[in-house]
Amino acid sequence: MPAGPVHEDDLVVVSHLSPRAPGQPEKVYLGHLLVEPRRHAAGLADLTDEEAGRIGYWNSAAARALRDVAGAEHVYAAVIGDRVPHLHVHLLPRYPGTPRQYWWTRVDEWPEAPRGREEAVGELVERLRVSASRPG
């Protein structure tokens, strides 16, 4: 992960999709975050109450950071889990100017969407980390 995680604690890790991940392009959609429990859980229903609370908190804190730091006008959240039964919540920011036909599931397909290599991802992660770590 470029610049390390946005947040990590005993229950949860928040990270940016890495350009080095298998199957990922050299440049990735900036702001595509993953919020996941440290313990393997196949889906939302498999979380403990404590994990669920922490996952919920960090989804909200990371979405606020994407809005306040990265300039997202909206943040989508999705749990897919079709290929591998492992829970991670995808947070995808929608940036101002994104044409309506690219909203929701196609937000990262917009040709003019902000993308970056490891350095840009690392810089964004550092800014998000500072913002997301602030209380409330």
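Quick look at the values:
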| read-out | value |
| --- | --- |
| Count of residues meeting criterion [part of a helix (DSSP H, G or I), small (Gly, Ala, Ser) and closer than 25 Å to residue 57 by Cβ] in the range 96-134 | 3 |
| Boolean, residue 54 is more than 16 Å from residue 29 (Cα to Cα), modelled with pLDDT of 95 or more, surrounded by 14 or more Cβ atoms within 10 Å (Cβ to Cβ) and more than 13 Å from the chain's Cα centre (by Cα) | yes |
| Hits in the range 30-42 - residues which are surrounded by fewer than 19 Cβ atoms within 10 Å (Cβ to Cβ) and over 17 Å from the mean Cα position of the chain (by Cα) | 39, 40, 42 |
| Residue in the range 59-67 that is surrounded by 14 or more Cβ atoms within 10 Å (Cβ to Cβ), hydrophobic (A, V, I, L, M, F, W, C), out of contact with any Gly (no Cβ under 7 Å at 6 or more places or on another chain) and free of Cβ contacts under 8 Å to residues at least 40 places away in the same chain present | yes |
| Top-ranked residue in the range 57-91 [being among the charged types (D, E, K, R) and more than 18 Å from residue 123 (Cα to Cα); ranked as modelled with the highest pLDDT] | 73 |
| Matching option when the condition is more than 21 Å from residue 5 (Cβ to Cβ) and either touching a residue at least 40 places away in the same chain (Cβ under 8 Å) or of a type outside the set (Gly, Ala, Ser) (or both), among 102, 76 | 102 |
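The values are calculated or read from the model by the stated rules, or taken from the named source; none is laboratory data. The structure presented is a predicted model; accordingly, all values stated were derived computationally and were not measured. Here Cβ is always computed from backbone atoms with ideal geometry, including for glycine, and neighbour counts include all displayed protein chains.
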